[in-house]
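Here's the structure, in structure tokens; my notes come after.
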Amino acid sequence: MGAQKKGATARVSEDQEELARNPLQAILLADSFATTFRPITLERPKVLLPLVNIPMIDYTLAWLESAGVEEVFVFCCAHSKQVIDYLESSQWSSQPNFSVTTIESHNSISAGDALRLIYERNVIHGDFVLISGDTMSNMSLTQVLQEHKERRKKDANAIMTMVIKKSKPSPITQQSRLGTDELFMAINPVTKQLLCYEDKAERSKGFISLDKTLIADNPSIILHNDKQDCYIDVCSQEVLSLFTDNFDYQHLRRHFVKGLLVDDIMGYKIFTHEIHSSYAARIDNFRSYDTISKDIIQRWTYPFVPDILCGSSAIKVERQGAYRASDVTLSRSAHIGSFTFIGQGTKIGNDTKISHSVVGEGCTIGSNVTIEGSYIWNNVTIEDGCQLRHAIVCDGVIMRSGAVLQPGVILSFKVVVGQQFVVPAYSKVSLLQQPTQQDSDEELEYADNTSGTGELRYKLNGDIATDLSETAYELGTGGVGYIWSVFEGAQDEEWKHSVAPIPTDKLVKLMLDKDEDEEQLTQDGNVLSASGELKADSDDNGSEDDDNADSRDDYGFFEKEVEATFLRAVHENVKVDHAVLEVNALRLSYNMASVDCAGAIFYSMMKLAVESPHHSASELHRNAADIITKWQKLLKSFLHDIDEEIEVILKFEEMCLESAKEFAALFPQVLHLLYDKEILQEDAILRWADEKEGADESDKVFLKSSEKFVQWLKEAEEEDEDD
Amino acid sequence: MPDTQALVNDFLNKLKKRKIEGSQATAKQTAELLRSVISQTRVPYTNQAAALIQSVKAVGEGLIAANPVELAVGNVVRRVLHIIREEDLSLTTAAMAGLNLSAVSDDEDDVDGDNQPVLSAAAIAAASRSTLRPPSLQTLLEDVPDSAAVPHTSSSGGDSEGKSKSADKSSRSRKLKHDVIEAVNELIQDINTCHEQIAEQAVEHIHQNEVILTLGSSRTVLEFLCAAKEKKRSFRVFVAEGAPRYQGHLLAKELVTRGLQTTLITDSAIFAMISRVNMVIVGAHAVMANGGVIAPVGLNMVALAAQKHAVPFVVLAGSHKLCPLYPHHPEVLLNELRSPSELLDFGEFSDCLDFGSGIGAPLLHVVNPTFDYVPPKLVSLFITDTGGHNPSYIAEIYQLFVMSLRGEDMKFKSEIMKTNCIAGGNLVKS
């Protein structure tokens, strides 16, 4: 009884604590501080762009509200007026137990600036949820908050909990399904502490580096590449002050998270929370816009799906995931395929086919139109016979009859596409001219409003003939709008982040590249990275002596490698010095002596001589002479003493017996040649001859054939001595 | 007393976010909300019934739109509207009988209907309908031909009755509100006790050494089975787990703690087990006008299996689940597609959902419907809190129910749902 009573009182006090706690707050960044959605974001902020016909920010706010957040601070920067106006007129301004406060700024250029400003305002009083206005989720915050609080009780340095979700990156493109780069995270599986966060891993190198102290400090680490960062963070107040202390922190991940992970002076820790059955994802680029739209239509975000969020406007889900508003005017012969959303008041003509697309409100679509995988916003007019594949078409666009949008096209607000005009793939079209200076990634999506609207009006009026003709030139007869050119260097990347699926030929190319890389990797093993840099691996030292068979195999590989290097040097006219370096690198990595190098190089040279075309022995001799003359320096640099020279002779002998019998007849001549070129010293030849004296008869074949030469050498030596 | 509007908004939100589970809870909360709406409504000097109906209708419309799938909301709203009319009617009859003014009021009502610009369009429509309509069961029973129009006329309709009676009327108004709240309380009580009332009949249906099969979890079924157990019946229960939410697991656990012999099987094993089963007892989400049942997904399969082996298929449903609509478009109107994550793990399938490669369209479509439609011919018996109903009288149950509803309320529902529901009067006639 006593225990029970105690338990009861404890609960009461806990409840009181719970009551006394601060209301759960959230900071919503209504600005992505990026330019990925240009040119659309020049005219409307990203958070107000419709996602399956509902502005993105509504999904985020609806989720926050249902997850129990009571106070949201919406930070607006670019187009702040539009965001504020929207919020004021929306349902969010009058919700009980859910207050939405806007914070406006015009000079913040990054998430870091935003958080610094919010810190100055002093409105956050406890743990808060940090999220951007383009994040969709239906997760429950209860568990992550509880985990965060418990960790905080034990360790005051645990200031942030990041939400992650499993999502496999594509093995071919090495990007996630949201179009972001493959993300590597090292996580302690027990404590869930985040130890490393790498989203820009060098693809060419194919590795990421971990600080070795991490391995020392943590009994186990799991390195994940199949986790997706949901960009939902539960933060403690310290996060804000950290941003203020480190005024150079701009980007939430690139600077803040990585900064904390690398710099352990402050000892702050970041933890992760993985969600399984719930959904969370952030719209980062056009590809994620496409992917998340499809996820919503497939109801992964339930209950945040159009038919429930819209409520009274009566959108119904029909078979095969077709969402249709109640007052759509649909021709009998029109075909609405699966996973399609048709908004209110839209009219669709005869024999039009629509599939996997979103069509907004008040659109007029003519006859024989094909729309596939496209996003058409509100009040768009599409005339007869148009074709749209994987495109985004903003409000008020007019497509004249027969116009075609190739995959990946973005048509910004009120663009007019002329008759029969084909807009090329991946082009972005806007009424606004492309800003001239190249923007960095950090730049905010802030349109110069005055010049923008001025230009807009002037365009629409179309007063000036030259201007009209220019645009007409760009978008066909009667077309209005500029096709933006792609910045230098970004051209190749365009397909990655576009709404269109990656073309098959690109995939095939990537796959081939990858196979090649892999081949090279397996072939080289730990030998050589592509750049010719060297990765010393000292561990091999011991094991090699243990196993003779192994080392022989190693020599075989080594010989092949040297030969390949030599041949490349010959064919690509590599400088001798460089060739020397490369062979040296090989020597080190295979742990060979310079004797082996000399042997291998000589072998390669002779082999080349044999393999180059020749008809007679004399021609072969000439070949050999040429090669030796040209590459003598390479050979010489590995011939430091007599032993190595003898090795060369032995090698030559071996070759004449086995692989290159053509040389058997030429043995003395070549020997002489080598002597002439000062590759072999007479001492070496004499020593060789001495050693061979005692050998078997069969071994003496070459000694005998070169007897004359040896004899001559001996005499010369004696003469020298005489002198 | 909290602000009603806040309460309404809160409830709307909960309905919208699908945060209330189960039709009993929804029905109860709806009734409670409407009770507070009624008690908060400022009663005008005269013609309170119209004011009450107006405010309940306004709230009700919102509630139904918030979650059109939860039919219990609409059912309760209709019941409450019906209560208001009933109470008003009985008061009016009493007053008129006392004052012997029936003929006068009849005339004046007609005049009012013609030249009252203040009259709301709906009221006019309702009034004219009630005059055009063939005499409904209600009016016939009450034997007061046109008094139904009284509550719909505007305040001046009351004025015509003379200022001398104003004192009487005001007392009447207070009485009306009081009576209505009393009646709504009774309704809430009914909803609360529907489980027990259904469970009371358990012994009549479950016999010694029988094998009962059920699917998923239903509070009504649980209470029903336990009631039989308490009456010393010894029987066994097969529980099909009810994928994808597996609520059958919870039911099995609960049954075992109450001492019942329980066997848990997969949904796909139902057909194999059905030959050993004596009776199938299941809960329902809603019972439609034609006797069809909207029930948790998988029940149609159970019903078909039961029919194949001639096993009785018994549906338990509280009267708040009886819905006067026809299931013309079950997949559109009466079903809800839930998140695919209940079926499979997103992470494991994320590569199948990568739209970046391939044709850029999802090849995998995961469908997770909440409900099944069981056609009336497959149902052997309904057990409601008003008693057991032989299956051949399903239509009769419905008629009993419809009889208790007024035509206007039927119309009200169908207007909102925009269905092809037959107008109230015709329903009563049929």
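The values are calculated or read from the model by the stated rules, or taken from the named source; none is laboratory data. None of these values were measured; they are calculated from a predicted model. Using ideal geometry, Cβ is built from the backbone for each residue, glycine included, and neighbour counts are taken over all protein chains shown.
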Q.
Any residue at all in region A:227-250 that's at the interface with chain B (Cβ under 9 Å from one of its Cβ atoms) and either buried (at least 20 other Cβ atoms within 10 Å of the Cβ) or under 30 Å from B:LEU12 (Cα atoms) (or both)?
A. yes
Q. Here are some conditions: (1) buried (at least 17 other Cβ atoms within 10 Å of the Cβ); (2) without any contact (Cβ under 8 Å) to a residue 40 or more places away in the chain. A:HIS273 meets all but one. Which one does it not meet?
A. (2)
Q.
If I go through region B:351-372 residue by residue, how many of them are closer than 26 Å to A:ASN225 by Cβ, more than 7 Å from every other protein chain (Cβ to nearest Cβ) and in contact with a strand residue (DSSP E or B) (Cβ under 9 Å, 6 or more places away or on another chain)?
A. 0
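Which members of region B:355-378 meet the condition of being of a type in the set (A, V, I, L, M, F, W, C) and within 19 Å of the chain's Cα centre (by Cα)? Talk me through it step by step, then tell me what you get.
So the first thing to find is which residues in region B:355-378 are of a type in the set (A, V, I, L, M, F, W, C), and the list is B:355, B:359, B:361, B:363-364, B:366-367, B:371, B:374, B:378.
Those that are of a type in the set (A, V, I, L, M, F, W, C) and within 19 Å of the chain's Cα centre (by Cα): B:PHE371, B:VAL374.
Every residue, every condition in (1) without any contact (Cβ under 8 Å) to a residue 40 or more places away in the chain; (2) within 14 Å of chain B (Cβ to nearest Cβ); (3) part of a loop (DSSP other than H, G, I, E, B), yes or no:
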position	(1), (2), (3)
A:GLU88	yes, no, no
A:PRO96	yes, yes, yes
A:ILE118	no, no, no
A:LEU130	no, no, no
A:GLU147	no, no, no
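For (1) of a type in the set (D, E, K, R); (2) farther than 24 Å from A:GLN344 by Cβ, each residue gets a yes or a no:
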position	(1), (2)
A:LEU42	no, yes
A:LYS46	yes, no
A:ASN53	no, no
A:MET56	no, no
A:SER66	no, yes
A:GLU70	yes, yes
A:VAL74	no, yes
Q | Matching residues, region A:322-336, being within 14 Å of chain B (Cβ to nearest Cβ) and either of a type in the set (Ser, Thr, Tyr) or under 32 Å from the mean Cα position of the chain (by Cα) (or both) | A | A:TYR323, A:SER326
**Q.** Candidates A:SER367, A:SER293 - the one that is touching a residue at least 12 places away in the same chain (Cβ under 8 Å), more than 7 Å from chain B (Cβ to nearest Cβ), among the small types (Gly, Ala, Ser) and in a loop (DSSP other than H, G, I, E, B)
**A.** A:SER367
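Just to verify a result, which residue in region B:204-251, among those that are of a type in the set (S, T, N, Q) and within 26 Å of the chain's Cα centre (by Cα), is nearest to B:HIS309 (Cα to Cα)? Even if it seems obvious, please write down each step before you answer.
Here is the first cut: in region B:204-251, the ones of a type in the set (S, T, N, Q) are B:208-209, B:214, B:217-218, B:220, B:234, B:247.
From the residues that got through so far, the ones that are within 26 Å of the chain's Cα centre (by Cα) too are B:214, B:217-218, B:220, B:247.
Details: B:THR214: 15, B:SER217: 23, B:SER218: 24, B:THR220: 25, B:GLN247: 25 Å.
Taking the candidates together, the pick is B:THR214.
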Q: Please tell me if B:GLU196 is outside any loop (DSSP other than H, G, I, E, B), among the charged types (D, E, K, R) and either closer than 20 Å to B:LEU381 by Cβ or free of Cβ contacts under 8 Å to residues at least 24 places away in the same chain (or both).
A: yes
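Tell me, please, whether a residue that is assigned to a loop (DSSP other than H, G, I, E, B) and within 29 Å of A:ASP577 (Cβ to Cβ) can be found in region A:640-650. Working first, answer last.
Narrowing region A:640-650 to residues assigned to a loop (DSSP other than H, G, I, E, B): A:640-641.
Still in the running and within 29 Å of A:ASP577 (Cβ to Cβ): A:640-641.
Yes, region A:640-650 contains at least one residue that is assigned to a loop (DSSP other than H, G, I, E, B) and within 29 Å of A:ASP577 (Cβ to Cβ).
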Q: For residues that are at the interface with another protein chain (Cβ under 9 Å from one of its Cβ atoms) and out of contact with any Asp or Glu (no Cβ under 8 Å at 6 or more places or on another chain), scanning just region A:166-199, find the one that is surrounded by the fewest Cβ atoms within 10 Å (Cβ to Cβ).
A: A:PRO171
Q. With A:PHE304, A:PHE339 as the choices, which residue is within 11 Å of chain B (Cβ to nearest Cβ), at positive phi and either surrounded by fewer than 23 Cβ atoms within 10 Å (Cβ to Cβ) or touching a residue at least 60 places away in the same chain (Cβ under 8 Å) (or both)?
A. A:PHE339
Q. Within region A:156-165, restricting attention to residues that are more than 22 Å from A:ARG287 (Cα to Cα) and buried (at least 19 other Cβ atoms within 10 Å of the Cβ), which residue is farthest from the other protein chains (Cβ to nearest Cβ)?
A. A:ILE159
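Please find, within region A:60-74, the residue that is surrounded by the fewest Cβ atoms within 10 Å (Cβ to Cβ) out of those that are more than 13 Å from every other protein chain (Cβ to nearest Cβ) and not in a strand (DSSP E or B). Step through it out loud before you land on a result.
As a first pass, look at region A:60-74 and keep what is more than 13 Å from every other protein chain (Cβ to nearest Cβ): A:60, A:69-74.
Next, only the ones that are not in a strand (DSSP E or B) stay: A:60, A:69-70.
Working: A:THR60: 26, A:VAL69: 22, A:GLU70: 15.
Among those residues, the one meeting the criterion is A:GLU70.
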Q: Residues being surrounded by 17 or more Cβ atoms within 10 Å (Cβ to Cβ) and at positive phi: count how many of those fall in region A:312-334.
A: 2
(Q) Quick test of your reading of the structure: A:ASP290 fulfils all but one of (1) in contact with a helix residue (DSSP H, G or I) (Cβ under 8 Å, 6 or more places away or on another chain); (2) buried (at least 23 other Cβ atoms within 10 Å of the Cβ). Name the failing condition by number. (A) (1)
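Would you call B:LEU12 away from chain A (no Cβ under 14 Å), touching a residue at least 40 places away in the same chain (Cβ under 8 Å) and outside any loop (DSSP other than H, G, I, E, B)? Write out each step before concluding.
Numbers: away from chain A (no Cβ under 14 Å): no; touching a residue at least 40 places away in the same chain (Cβ under 8 Å): yes; outside any loop (DSSP other than H, G, I, E, B): yes.
No: the conditions fail for B:LEU12.
Being closer than 21 Å to B:ASP179 by Cβ and either away from chain A (no Cβ under 14 Å) or touching a strand residue (DSSP E or B) at 6+ places or on another chain (Cβ under 6 Å) (or both) is the filter here; which residues of region B:60-85 pass it?
Pass one, region B:60-85, residues closer than 21 Å to B:ASP179 by Cβ: B:60, B:76-85.
B:VAL76, B:VAL77, B:ARG78, B:ARG79, B:VAL80, B:LEU81, B:HIS82, B:ILE83, B:ILE84, B:ARG85 - these are the residues of region B:60-85 that are closer than 21 Å to B:ASP179 by Cβ and either away from chain A (no Cβ under 14 Å) or touching a strand residue (DSSP E or B) at 6+ places or on another chain (Cβ under 6 Å) (or both).
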Q) Scanning for something touching a residue at least 60 places away in the same chain (Cβ under 8 Å) and under 18 Å from A:ALA111 (Cα atoms), does region A:48-56 turn up at least one residue? A) no
Q: Answer yes or no: is there a residue in region A:37-52 that is modelled with pLDDT of 90 or more, touching a Phe, Trp or Tyr at 6+ places or on another chain (Cβ under 9 Å), assigned to a strand (DSSP E or B) and not charged (D, E, K, R).
A: yes
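Checking the condition away from chain A (no Cβ under 14 Å) and modelled with pLDDT of 80 or more, which residue from B:SER339, B:SER319 passes? Spell out how you get there, then give the answer.
Values: B:SER339 fails: away from chain A (no Cβ under 14 Å).
Residue meeting the stated conditions: B:SER319.
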Q: Report whether or not A:HIS621 is out of contact with any Pro (no Cβ under 9 Å at 6 or more places or on another chain), outside any helix (DSSP H, G or I) and of a type outside the set (Asp, Glu).
A: no
Q) Say we look at region B:25-53 and pick out the residues that are free of Cβ contacts under 8 Å to residues at least 12 places away in the same chain and surrounded by fewer than 18 Cβ atoms within 10 Å (Cβ to Cβ); which of these is nearest to B:THR220 (Cα to Cα)? A) B:ALA25
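Given the residues A:VAL257, A:VAL262, which is the only one that is surrounded by fewer than 20 Cβ atoms within 10 Å (Cβ to Cβ) and among the hydrophobic types (A, V, I, L, M, F, W, C)? Show your work before the answer.
Numbers: A:VAL257 fails: surrounded by fewer than 20 Cβ atoms within 10 Å (Cβ to Cβ).
Selected residue: A:VAL262, the only one of A:VAL257, A:VAL262 that is surrounded by fewer than 20 Cβ atoms within 10 Å (Cβ to Cβ) and among the hydrophobic types (A, V, I, L, M, F, W, C).
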**Q.** Members of region A:136-150 found to be surrounded by 20 or more Cβ atoms within 10 Å (Cβ to Cβ) and more than 12 Å from A:VAL234 (Cα to Cα), listed by number
**A.** A:MET136, A:SER137, A:ASN138, A:MET139
Q. Has region B:308-331 got any residue that is of a type in the set (S, T, N, Q) and surrounded by fewer than 19 Cβ atoms within 10 Å (Cβ to Cβ)?
A. no
